[in-house]
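Enquirer: One structure, as structure tokens, below. Some questions next.
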Amino acid sequence: MVDVRRLVVFLAEFTEKHGYPPAMREIKKGLGLSSLSLVSYWVNRAKGEGLLTNSEGKARTVVLTEKGKALGVEVANANQS
């Protein structure tokens with residue numbers, strides 16, 4: 001099951017590993033979603049919660065806000081315990 005926290009953790013891990021944020025198709029594959037519309041739904045939900053932002057008109061611009069980064073660290077630390 002996908003939730004905003006899983007999306008945030010995926011974005012943080014992908015960006016750290018590759019040095020750039022994932023494309024929508026990479027998010028789809030990484031989270032095991034069945035369609036790009038579901039990716040859009042979860043990205044927009046995370047944006048609404050202030051966890052993500054992007055620059056319109058540019059590729060790979062879904063990035064974590066400071067609030068999103070903090071949540072990603074919190075979830076990652078909880079998963080390591």
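Enquirer: Name the trypsin sites (Lys or Arg not before Pro) in the range 14-81 that are in a loop by DSSP and that have at most 10 other C-beta atoms within 10 Å, would you?
Expert: Numbers: sites: K17, R25, K28, K29, R45, K47, K58, R60, K67, K69; in loops: K58, R60.
Taking the range 14-81 and a limit of 10 other Cβ atoms within 10 Å, the loop trypsin sites (Lys or Arg not before Pro) found are K58.
Enquirer: Then there is this: Does the range 24-63 come out rounded, prolate or oblate by the C-alpha gyration tensor, with a ≥ b ≥ c the root eigenvalues, rounded set by a/c under 1.5 and, if not, prolate when a/b is larger than b/c and oblate if not?
Expert: On the way: a/c = 2.13, a/b = 1.33, b/c = 1.59.
It comes out oblate by the Cα gyration axes.
Enquirer: Further question on the same structure: Tell me, what % of the accessible area of the range 11-81 is carbon and sulfur with a 1.4 angstrom probe? Show your work: numbers first, answer last.
Expert: Working: 2380 of 4680 Å².
Of all accessible area on the range 11-81, carbon and sulfur atoms account for 51 percent.
Enquirer: Restricting to DSSP H runs of at least four residues, report the calculated mean residue ellipticity at 222 nm for the chain, -39500 (n - 2.57) per run over all residues, nearest 500 deg cm²/dmol.
Expert: Numbers: 4 runs with 51 residues, N = 81.
My calculation for the chain gives -20000 deg cm²/dmol from helical runs alone.
Enquirer: Now for a separate question. Using a 1.4 Å probe, what is the accessible area per residue for the chain, in Å²? Spell out each step's value before the answer.
Expert: On the way: 5250 Å² over 81 residues.
Value for the chain: 65 Å² per residue.
Enquirer: OK, next. Of all GluC sites (Glu not before Pro) in the chain, which ones are in loop regions per DSSP and have a Cβ with at most 15 other Cβ atoms within 10 Å?
Expert: Working: sites: E13, E16, E26, E49, E56, E66, E74; in loops: E49, E56.
Answer in residue order: E49, E56.
Enquirer: May I ask you to derive the relative contact order of the chain, considering only C-alpha pairs under 8 Å and at least 6 residues apart, and to give it as an integer percent?
Expert: After rounding, I find 34 percent.
Enquirer: Moving on. Two-decimal Rg/Rh of the range 12-81 from alpha-carbon positions, Kirkwood Rh?
Expert: 0.96
Enquirer: Sticking with this one: Within the chain, what is the number of lysine pairs with alpha carbons under 19 Å apart, leaving out pairs fewer than eight places apart on the same chain?
Expert: So the count of such lysine pairs works out to 8.
Enquirer: Moving on. Can you give me the span-like helices of the chain, meaning DSSP H runs with 20 Å or more of Cα extent along the axis and Kyte-Doolittle mean at or above 0.0? Show your work: numbers first, answer last.
Expert: Working: long enough: 4-18 (21 Å, 0.25); 66-80 (21 Å, -0.57).
Helix filter hits for the chain: 4-18.
The values are calculated or read from the model by the stated rules, or taken from the named source; none is laboratory data. Here the structure is a predicted model, which is why all the values come from computation and not from measurement. With ideal geometry, Cβ positions are generated from the backbone for all residues, glycine too; neighbour counts draw on all protein chains shown. Protein only, heavy atoms only, side chains kept; ligands, DNA and RNA dropped before computing areas. Shrake-Rupley method; radii C 1.70, N 1.55, O 1.52, S 1.80 Å.
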